[in-house]
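Trainee: Have a look at this one.
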Amino acid sequence: MAEEQPHILLVEDEINLARGICFNLEQDDFRVSHVESGEEALERLRFDRFSLVILDVMLPGMDGFAVCRAIRGQDSRVPILILTARTDEEDRIIGLESGADDYLTKPFSLSEFLLRVKGMLRRSAWYRPEPIEEAYRFGDNEVFLLSYHARTAQGEIDLTDLEVRMLSLFFQKEGEAVTRKELLERVWGYSSDTETRTLDNFIVRLRKYFEPDPANPVFFQTVRGVGYRFSRSALTRHT
Ligand code: CA
């Protein structure tokens, strides 16, 4: 139920405008979470999956462009609609270069806004039944990071946001040892390594999904005293 209802993150510090947007989106059956700063938005994006981010450019603290870059830096493919107060061509270009997918200039009409939002949701990867996306392959597995799913020897599985974050970090660092600290920081956003069990439980889960023999992992290897290493080919196994 809630899973199928698009969940939108609105980042807007003008309270009246934010209220109006929330009200109208909710009338149209969207779920909306509203935050007033970029910092809060990044925090929310760490733990929740959204179908769309609506991002004001002029924010207290980090501006919308910086937030946009940070979202893309976290490797998130969530569609981003930027709200800019200026009609400046420059602003639009910076916005799109920062990783936004579309922009709307304030003031905008409600109908224009809703059309834009719906259009973006329709185009977004999560609304495509058959994503046109190249798979990341290893062993008998195919992983589709953009659409959060994988084909494994056991069948099709849906991936959670954290799983996608962890897999994308491993894929980027293929063949390298990734420290526990880095995994905790980049996947969970922790600054210390207190919750080490969470990480180990996660690795157990990935091995169950993807390893032919989870007890003797070849893809997600333990690097004793350091962390873990992902290796695409079982032949490069380090013993
Ligand atoms: Ca603003």
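The values are calculated or read from the model by the stated rules, or taken from the named source; none is laboratory data. Treat the numbers as computed from the prediction; the structure is a model and nothing was measured. Cβ atoms come from the backbone with ideal geometry, glycine included; neighbour counts cover every protein chain shown. When the accessible area is computed, the model is the full protein with side chains, heavy atoms only, and any ligands, DNA or RNA have been set aside. Shrake-Rupley method; radii C 1.70, N 1.55, O 1.52, S 1.80 Å.
Trainee: Rank Leu115, Leu169, Leu199 by mean-square fluctuation in a GNM of the chain with C-alpha springs under 10 angstrom and give only the top-ranked residue.
Mentor: Leu115
Trainee: At 222 nm, what helix-only mean residue ellipticity would the chain give, in deg cm²/dmol to the nearest 500, using -39500 (n - 2.57) for each DSSP H run of four or more?
Mentor: Details: 8 runs with 87 residues, N = 239.
Helix-only estimate at 222 nm: -11000 deg cm²/dmol.
Trainee: What spacing in nm lies between the two simple spin-label points modelled at Thr179 and Leu17, each 7 Å away from Cα in the Cβ direction?
Mentor: Going by the 7 Å Cα→Cβ label model, 4.2 nm.
Trainee: Right, something else. Among the lysines in the chain, how many pairs, 8 or more places apart or on different chains, have alpha carbons under 25 Å apart?
Mentor: Values: Lys106/Lys118; Lys173/Lys181; Lys173/Lys208; Lys181/Lys208.
Going through the chain pair by pair, I get 4.
Trainee: Considering all projection directions equally, how large on average is the shadow of the alpha-carbon convex hull of the chain, in square nanometres? Show your work: numbers first, answer last.
Mentor: Values: hull surface 57.2 nm².
Its average projected convex-hull area is 14.3 nm².
Trainee: Tell me the net charge near Val32. Cut-off is 11 Å between Cβ atoms, Val32 excluded, with +1 for each Lys or Arg and -1 for each Asp or Glu.
Mentor: Working: positive: Arg19, Arg31; negative: Glu12, Glu26, Asp28, Asp29.
Counting the neighbours of Val32, the net charge comes to -2.
Trainee: Stick to Cα atoms and the Kirkwood definition of Rh, then tell me Rg/Rh for region 136-230.
Mentor: 0.94
Trainee: With a 1.4 Å probe and all protein chains in place, put Glu211, Glu142 in order of accessible area, largest first.
Mentor: Largest to smallest exposure gives the sequence Glu142, Glu211.
Trainee: Is region 7-126 rounded, prolate or oblate when judged by the Cα gyration tensor, a ≥ b ≥ c being the square roots of its eigenvalues, rounded requiring a/c under 1.5 and prolate requiring a/b larger than b/c?
Mentor: Rounded, because the longest to shortest axis ratio a/c is under 1.5.
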